[in-house]
1. Considering (1) open to solvent by 20 Å² or more (accessible area, probe 1.4 Å); (2) under 15 Å from Ile22 (Cα atoms); (3) among the hydroxyl-bearing types (Ser, Thr, Tyr), say which one Ser59 fails and leave the rest.
2. State all residues of the range 15-47 that are of a type outside the set (A, V, I, L, M), open to solvent by less than 70 Å² (accessible area, probe 1.4 Å) and under 29 Å from Cys96 (Cα atoms); if no residue qualifies, say none.
3. Could you please find all residues in the range 120-138 being in contact with a Phe, Trp or Tyr (Cβ under 8 Å, 6 or more places away or on another chain) and either among the acidic types (Asp, Glu) or part of a strand (DSSP E or B) (or both)?
4. Among residues belonging to the range 2-14 that are surrounded by fewer than 18 Cβ atoms within 10 Å (Cβ to Cβ) and among the aliphatic types (A, V, I, L, M), point out the one that is nearest to Ile40 (Cα to Cα).
5. Any idea which of Arg80, Arg118, Arg92, Arg70 is without any contact (Cβ under 8 Å) to a residue 60 or more places away in the chain, among the basic types (Lys, Arg) and surrounded by fewer than 16 Cβ atoms within 10 Å (Cβ to Cβ)?
6. Is it the case that the range 62-75 has a residue that's farther than 24 Å from Leu10 by Cβ and not small (Gly, Ala, Ser)?
7. Tally time: how many residues in the range 125-138 are under 24 Å from Glu78 (Cα atoms) and open to solvent by 60 Å² or more (accessible area, probe 1.4 Å)?
8. Of all residues in the range 95-115 being modelled with pLDDT of 90 or more and of a type in the set (Ser, Thr, Tyr), which is surrounded by the fewest Cβ atoms within 10 Å (Cβ to Cβ)?
Amino acid sequence: MERQNLAAMLSAHGVRPTQQRIAVFDYLLTHHTHPSADTIYNALSREYPVFSRTTIYNSLNTLLEAGLIRAVTITPEEQRFDGNTSDHGHFRCLSCGEIFDFEVDPAVIRSFCPSGFREEQSNLFFTGRCPRCLPPRH
């Protein structure tokens, strides 16, 4: 996506479109690997050597607060990020650690919300083995 469009999206959500925020947002929209903050920092520091880890964390927090990205916390020791804010699920492979998206009918997700409560964000995830890491069947 063009930087002007990203800046407009940030502005539309009340976020000042700084170079750092645009770069982090662009990275998440173009890398669907559910990267960690460190992964984003390592990738962007090559192009933007003046970005610090703190800058990346602050940018991620700002984007999270604005609802432009999602945090994916399947394991307590690692927070990953997703530029896809639509209703969907995540599957984390216990062997390779990769996180995969899968489609979920939004009505199904809402059906799990207790009566009288208002669901604002849902997190559906599974852990197991991805097809690449499964042992061959005999």
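1. (1)
2. Taking the range 15-47 first, the residues of a type outside the set (A, V, I, L, M) are 16-21, 25-27, 30-36, 38-39, 41-42, 45-47.
Now narrow it down to the ones that are open to solvent by less than 70 Å² (accessible area, probe 1.4 Å): 17-18, 20-21, 25-27, 34-36, 38-39, 41, 45.
Correct list: Phe25, Asp26, Tyr27, His34, Pro35, Ser36, Asp38, Thr39, Tyr41, Ser45.
3. So in the range 120-138, the residues in contact with a Phe, Trp or Tyr (Cβ under 8 Å, 6 or more places away or on another chain) come out as 122, 125-128, 130.
The answer is Phe125, Phe126, Thr127, Gly128.
4. Among those that are surrounded by fewer than 18 Cβ atoms within 10 Å (Cβ to Cβ) and among the aliphatic types (A, V, I, L, M), it is Met9.
5. On the way: Arg80 fails: surrounded by fewer than 16 Cβ atoms within 10 Å (Cβ to Cβ); Arg92 fails: surrounded by fewer than 16 Cβ atoms within 10 Å (Cβ to Cβ); Arg70 fails: surrounded by fewer than 16 Cβ atoms within 10 Å (Cβ to Cβ).
The conditions single out Arg118.
6. Initial filter on the range 62-75 (farther than 24 Å from Leu10 by Cβ): 74-75.
Adding the requirement that they be not small (Gly, Ala, Ser) leaves 74-75.
Within the range 62-75, one or more residues are farther than 24 Å from Leu10 by Cβ and not small (Gly, Ala, Ser).
7. Qualifying residue count for the region: 7.
8. The extreme case among them is Ser115.
The values are calculated or read from the model by the stated rules, or taken from the named source; none is laboratory data. It should be emphasised that the depicted structure is a prediction, and the values quoted were computed from it without experimental measurement. All Cβ positions, even for glycine, are placed from backbone atoms using ideal geometry, and neighbour counts span all protein chains on display. Ligands, DNA and RNA are stripped out before the accessible areas are found, and what is left, the full protein with its side chains, is counted by its heavy atoms. Shrake-Rupley method; radii C 1.70, N 1.55, O 1.52, S 1.80 Å.
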